[in-house]
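Right, one structure below, let's go through it.
The values are calculated or read from the model by the stated rules, or taken from the named source; none is laboratory data. Only a predicted model underlies this, so the values are computations on that prediction, with no experimental measurement involved. Note that we place each Cβ from the backbone using ideal geometry, even for glycine, and neighbour counts take in every protein chain shown.
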Amino acid sequence: MSYVTTATLIQMKKQGEKIAVLTSYDASFTALLENAGIEVILIGDSLGMVIQGQESTLPVAVEEMVYHTRCVARGRRNALLIADMPFMSYSLANQALGTAGRLMKDGGAHMVKLEGGATQLETVRQLTENGIPVCAHLGLLPQSVYKLGGYRVQGGDEASAMLMKEDALALEQAGAQMLILECVPASLAAKISKALVIPVIGIGAGPDCDGQVLVVYDMLGITPKKAPKFVKNFLQGNKSVQDALTAYVKEVKAGSFPDSDHSFQ
């Protein structure tokens, strides 16, 4: 398997091949993900909750993201690495350039991820014009959880669905090279995936996205809190963590995960 690049992922979408994505925060898990055939690894600010024990992702610092990205990069062989830009680390375009630069230069990321729609268009343009690949994130935005009033499905009514699709198209036009949709009705996610040229990765967004992502601790059933509806415990019925990761990749590739039990209608 050769290095996965943004061009690789675009080609996979064109060919209808599903993209398997998981989070990782260290070199050991990264090696297991690589062995399973994961194409994209997300160093998520979800580490604030699953590693640090925080109530949300908001307390995570840039320095912590750089550290964990560097750990993942050491274990990486082929996968594309995406690093989250933490809360309030990209409010201004120049600030975003500094954060992204650290994650790539010091951490070894290949792409950075930010949350938000129309308000982030100028930031996306600035980053891409400076050679920094961007993954956008729409739907449930964990960094805006207090504004949203909790972890709830987004885009459930016609007006918000239309706005999300408009934001997705605008982000692609601004230069985003990937999009994550979180907690979005399956039918809306399918429409957005079809409308965009760039790959659309779902998490609680139904089976018709171009790929799927989960928090690795969630899909192994080792997080202490109750798992969201869209999470499947892949360790159940498998003898090892490696077998569970391989099963996840197999089901994503086959299009059997997520099914209706792990999607929102």
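Kindly provide the set of residues from the stretch 56-80 that are acidic (Asp, Glu) and either assigned to a strand (DSSP E or B) or surrounded by 15 or more Cβ atoms within 10 Å (Cβ to Cβ) (or both), ordered by number. It would help to see each step written out before you state the result.
First, the residues of the stretch 56-80 that are acidic (Asp, Glu): 63-64.
Passing the criteria: only Glu64.
Here's a check for you: in the stretch 222-237, which residue that is of a type outside the set (Ser, Thr, Tyr) and more than 22 Å from Ile19 (Cα to Cα) is nearest to the chain's Cα centre (by Cα)? Steps first, please.
Narrowing the stretch 222-237 to residues of a type outside the set (Ser, Thr, Tyr): 222, 224-237.
Cutting the leftovers down to more than 22 Å from Ile19 (Cα to Cα) gives us 222, 224-227, 236-237.
Values: Ile222: 19, Pro224: 21, Lys225: 20, Lys226: 20, Ala227: 17, Gln236: 24, Gly237: 26 Å.
Of everything passing the filter in the stretch 222-237, Ala227 is nearest to the chain's Cα centre (by Cα).
Quick grid of which residues meet (1) part of a helix (DSSP H, G or I); (2) touching a helix residue (DSSP H, G or I) at 6+ places or on another chain (Cβ under 7 Å); (3) of a type in the set (D, E, K, R):
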| position | (1), (2), (3) |
| --- | --- |
| Lys14 | yes, no, yes |
| Tyr25 | no, yes, no |
| Leu33 | yes, yes, no |
| Gln54 | no, yes, no |
| Gly101 | yes, no, no |
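Might you check whether a residue that is closer than 27 Å to Val62 by Cα and in contact with a strand residue (DSSP E or B) (Cβ under 7 Å, 6 or more places away or on another chain) occurs anywhere in the stretch 10-19? Spell out the reasoning first.
Step one: filter the stretch 10-19 for residues closer than 27 Å to Val62 by Cα, giving none.
The answer is no; no qualifying residue exists.
So which residues in the stretch 103-115 are in a helix (DSSP H, G or I) and basic (Lys, Arg)?
Scanning the stretch 103-115 gives a single hit, Lys105.
The number of residues in the stretch 153-182 that are over 29 Å from Ala7 (Cβ atoms) and within 17 Å of the chain's Cα centre (by Cα) comes to 2. Selection of first residues in the stretch 229-256 that are under 23 Å from Pro185 (Cα atoms) and of second residues that are of a type in the set (Lys, Arg), restricted to Cβ pairs under 7 Å at least 6 apart or on distinct chains, gives the following pairs, ordered by first then second residue: Val252/Lys18; Lys253/Lys18; Gly255/Lys18. Taking the stretch 104-123 as the range and being in contact (Cβ under 8 Å) with a residue 40 or more places away in the chain, touching a helix residue (DSSP H, G or I) at 6+ places or on another chain (Cβ under 6 Å) and closer than 26 Å to Cys71 by Cα as the test, the residues that pass are Asp106, Gly107, Ala109. When the residues of the stretch 82-99 are filtered to those that are in contact with a helix residue (DSSP H, G or I) (Cβ under 6 Å, 6 or more places away or on another chain) and part of a loop (DSSP other than H, G, I, E, B), the one that is nearest to Leu127 (Cα to Cα) is Tyr90. Taking the listed residues Met88, Met65, Met12, the one that is under 18 Å from the mean Cα position of the chain (by Cα), more than 17 Å from Val213 (Cα to Cα), hydrophobic (A, V, I, L, M, F, W, C) and modelled with pLDDT of 95 or more is Met65, with no other qualifying.
Can you find, within the stretch 177-205, the residue that is surrounded by the fewest Cβ atoms within 10 Å (Cβ to Cβ) among those that are touching a strand residue (DSSP E or B) at 6+ places or on another chain (Cβ under 9 Å) and part of a loop (DSSP other than H, G, I, E, B)? The residue in question is Leu196.
Please verify whether His137 is in contact (Cβ under 8 Å) with a residue 24 or more places away in the chain and either among the charged types (D, E, K, R) or out of contact with any helix residue (DSSP H, G or I) (no Cβ under 8 Å at 6 or more places or on another chain) (or both), treating the condition exactly as stated.
Details: in contact (Cβ under 8 Å) with a residue 24 or more places away in the chain: yes; either among the charged types (D, E, K, R) or out of contact with any helix residue (DSSP H, G or I) (no Cβ under 8 Å at 6 or more places or on another chain) (or both): yes.
Taking the combined requirement at face value, the residue satisfies it.
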